[in-house]
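Heads up: the structure comes next, in structure tokens.
Only the coordinates and a few stated rules stand behind these numbers; no lab work does. Keep in mind that what you see is a predicted model, and the values were worked out from it rather than measured. Don't worry about glycine lacking a Cβ; one is built from the backbone with ideal geometry, like all the others, and counts go over all protein chains shown.
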Amino acid sequence: MEITDIQVKRKAFAETRIVSRPVGDLADGDILARVDMFALTANNVSYALSGEGIGYWKFYPAAEPWGVVPVWGFADVIQSRHPDIAVGERIWGFMPMSSHVVMTPGRITARSFVDVVAHRQPLPPIYNSYQRTSGDPPQMKDLEVERCLLFPLFSTSYVLYDYLVDNAFFGAEQVLVGSASSKTGYGLCSLLFRHQGARPRVVGLTSPRNQDFVRTLGVCDEICGYDEIDARDPTVATAFVDMAGNGDVVAAVHSRYRDGLKLSCAVGATHWEAPRFRPAEGGVPHTFFFAPGQFLKREQDWGPGEVMRRATAEAARMALDLRPYLNVRRELGAHEAARAFSALVANETMPDVGVIARVD
């Protein structure tokens with residue numbers, strides 16, 4: 001048996017190659033799972049962009065200049081040399097863009113396990129945990145597609161929303177959400193819009209082609225085009241959350257609001273090819289929001305598992321809310337999945353499209 005990997009050139013994400021390698025014999029305690037389905041979203045492009053800095057290339061190592069981009073999906077165990085993991089189990093979590101994956105389960109509970117393979121231990125622990133889905137309620141089984149496409153993004157939305165709440169919205173009267181048409185942007189807007197009690201205005205920043213789509217979703221107090229930033233009131237205290245990574249847009253926001261900007265943070269990079277923002281001296285810095293950091297803080301504040309429980313509940317609600325507006329496209333086969341990833345890199349995938357792929 002062979003494992004087929006889709007590998008991405010680390011310095012040129014649009015370039016991919018398909019590589020096959022033998023599985024080999026499993027060691028005691030290992031399992032082999034067939035990757036059944038995974039989502040391809042702008043989030044995966046962000047993983048590639050942050051591959052060196054955060055370590056996403058290290059989860060599934062490949063020989064440079066190539067790398068394997070992690071994805072979120074389901075896999076079915078087809079071989080097991082672990083006494084507590086049975087053939088036929090279905091698991092959900094951080095997968096490679098591959099046909100199969102070898103894991104070393106540890107810290108096993110009835111609902112989850114951790115891949116304890118040595119090279120992954122220095123990496124953020126949230127990505128090493130896998131859900132055993134046999135005990136899931138029927139409503140969760142009905143959301144498998146959305147769980148791949150939306151739950152990881154909406155979990156980031158929730159932790160980001162909680163970060164804003166935890167800091168009293170940084171004193172902002174409005175939150176500008178860059179790339180509000182993105183899944184993570186939608187999730188943040190939805191959570192802010194539904195916030196109980198006093199809240200800032202929710203302003204969705206987006207391109208002209210996506211304004212009608214964002215307006216249809218009904219989760220913003222106001223929609224603003226990127227070309228309209230210079231016309232906004234600069235005296236309004238503002239928190240800026242950027243999903244796009246377009247340096248020109250970030251520079252326009254900083255130039256317009258100056259001292260009125262209470263927070264400026266980057267979450268993703270839907271426009272990965274655009275120039276990065278380099279702030280001038282003075283003013284609020286433009287920082288990177290690392291969701292696992294706030295996640296770990298809440299693990300300590302609320303107790304183990306509680307932040308994920310809350311994030312999952314909100315993700316399920318938003319997934320059902322978004323379902324009528326989402327067109328799922330399936331890409332079956334290594335070449336098809338590779339082309340779909342390249343289309344994401346080229347920003348050719350419309351915001352109302354969700355791509356579900358399988359290599360095998």
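The orientation-averaged projection of the convex hull spanning the C-alpha atoms of segment 83-199 amounts to 10.1 square nanometres. Cross-link partners of Lys141 among aspartates and glutamates, defined as those whose alpha carbon lies under 18 angstrom from its own and excluding same-chain residues fewer than eight positions apart: Asp36, Asp76, Glu89, Glu314, Asp321. Restricting the calculation to Cα atoms, the chain shows an Rg/Rh of 0.97 when the hydrodynamic-style radius is the Kirkwood one.
Place the peptides 127-135, 234-242 in order of packing, highest mean first, counting for every residue the other Cβ atoms within 10 Å and averaging per peptide. Please list the in-between numbers first.
On the way: 127-135: 17.6, 234-242: 20.8.
For the peptides 127-135, 234-242, the packing ranking is 234-242, 127-135.
Projected label points at Ala27 and Asp352, each 7 Å from Cα along the beta carbon direction, are separated by 5.0 nanometres.
Only lysines eight or more places from Lys183 in sequence, or on another chain, were considered; none has a Cα closer than 20 Å.
Each of Met97, Met37, Met1, Met243 was scored by other Cβ atoms within 10 Å of its Cβ. Arranged with the fewest first, they read Met1, Met37, Met97, Met243. For the chain, the residue among Tyr161, His335, Val307 whose Cα projects farthest onto the positive side of the dipole built from Cβ charges is Val307. Taking the number of Cβ atoms within 10 Å of each Cβ as an exposure proxy, the fewest-first ranking of Ile6, Ile54 is Ile54, Ile6. When each of the peptides 20-32, 193-205 is scored by the mean number of other C-beta atoms lying within 10 Å of its residues, the order from highest to lowest reads 193-205, 20-32. Computed from the alpha carbon positions, the gyration tensor of segment 184-255 leads to an equivalent ellipsoid with semi-axes of 19, 15, 11 Å, biggest first. Per the Kirkwood definition applied to all pairs of different Cα atoms, how many angstroms is the hydrodynamic radius of segment 152-293? Here the Kirkwood hydrodynamic radius works out to 14.7 Å.
Within the same chain, lysines fewer than 8 places from Lys9 are excluded, and of the rest, those with a Cα less than 21 Å from its Cα are Lys58. Once Rh is set to the Kirkwood radius over Cα pairs, what Stokes-Einstein translational diffusion coefficient, in µm²/s, holds for segment 84-132 at a temperature of 10 °C and a viscosity of 1.306 mPa s? Stokes-Einstein gives a translational diffusion coefficient of 140 µm²/s. Here the label points at Ala198 and Ser20, each 7 Å from Cα along the C-beta direction, are separated by 6.4 nm in the simple model.
Please give the per residue volume of the convex hull enclosing the alpha carbon atoms of segment 146-227, rounded to a whole number of Å³. All intermediate terms of the calculation are to be shown ahead of the outcome.
Details: hull volume 7.2 nm³, N = 82.
Hull volume normalised by residue count: 88 Å³.
Springs join every pair of Cα atoms under 10 Å in this Gaussian network model of the chain, and among Pro105, Pro152, Pro137 the largest mean-square fluctuation is at Pro137.
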